[in-house]
Amino acid sequence: MTVTSGDGDNREVPFSVTVARPDGAEVVIEVAGEIDLTTSEDLKETFEEALEPVPGRLVVDLEGVEFCDSTGLATLVRINDRCVTQGVDLSFLPSPTIRRLALKTGLSTLLPLAGS
């Protein structure tokens with residue numbers, strides 16, 4: 001994905017999502033780049049795979065996220081809802097961008113943001 005900065009400079013913003021299982025009870029999903037219409041499906045698929053088998057704890061590390069649109073926010077809400085339904089202890093590690101969006105949209109009261 002190419003992003004144009006305010007000064008007209010184009011740059012490539014890579015999206016990545018990885019899963020780590022430091023122990024059998026915890027899963028860490030690390031996300032970097034942009035969460036938008038194009039990349040939300042990858043995040044949803046990775047999340048679904050990470051819940052097999054259902055872990056006791058899920059950490060979604062969003063510290064590398066530079067941009068998130070409404071599709072991305074909806075994906076984070078779905079992750080939260082699924083974890084609540086399955087009894088998974090969930091924590092989001094937000095980037096400044098995600099924290100700002102969560103505060104502006106009121107999602108900071110719904111999503112379990114670390115450091116809130």
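Computed on the chain, with alpha-carbon pairs under 8 angstrom and 6+ residues apart, the relative contact order is 22 percent.
So what's the angle, to the nearest 10 degrees on a 0 to 90 scale, between helix 40-50 and the longest Cα principal axis of the chain? Approximately 20 degrees, to the nearest ten.
Computed from Cα positions, the angle between helix 70-86 and the longest principal axis of the chain comes to roughly 10 degrees. Just to confirm the number: angle between the C-alpha axis of helix 96-105 and the first principal axis of the chain, 0 to 90 degrees, nearest 10? Compared with the principal axis, the helix lies near 80 degrees.
Cα centroid separation, region 12-41 to region 57-116: 12 Å. Across region 45-97, the volume of the C-alpha convex hull divided among the residues equals 74 Å³ per residue. Between LEU111, ALA20, SER70, the Cα set farthest toward the positive side of the dipole of the chain (charges on each charged residue's Cβ, about the Cα centre) is that of LEU111. Note on the chain: helix-only mean residue ellipticity at 222 nm, from DSSP H runs of 4+ residues weighted -39500 (n - 2.57) and normalised by residue number, equals -10500 deg cm²/dmol. Calculated from the alpha-carbon coordinates, the chain shows an Rg and a Dmax of 14.2, 47 Å respectively. The local environment of LEU73, defined by Cβ-Cβ distances under 11 Å, has a net charge of 0 under the rule Lys, Arg +1 and Asp, Glu -1.
Taken together, the values in this text are just the output of simple stated rules run on the coordinates, not laboratory data. What you see is a predicted model, and the numbers here were worked out from it, not measured in a lab. Every residue, glycine among them, receives a Cβ derived from its backbone with ideal geometry; neighbour counts consider all protein chains shown.
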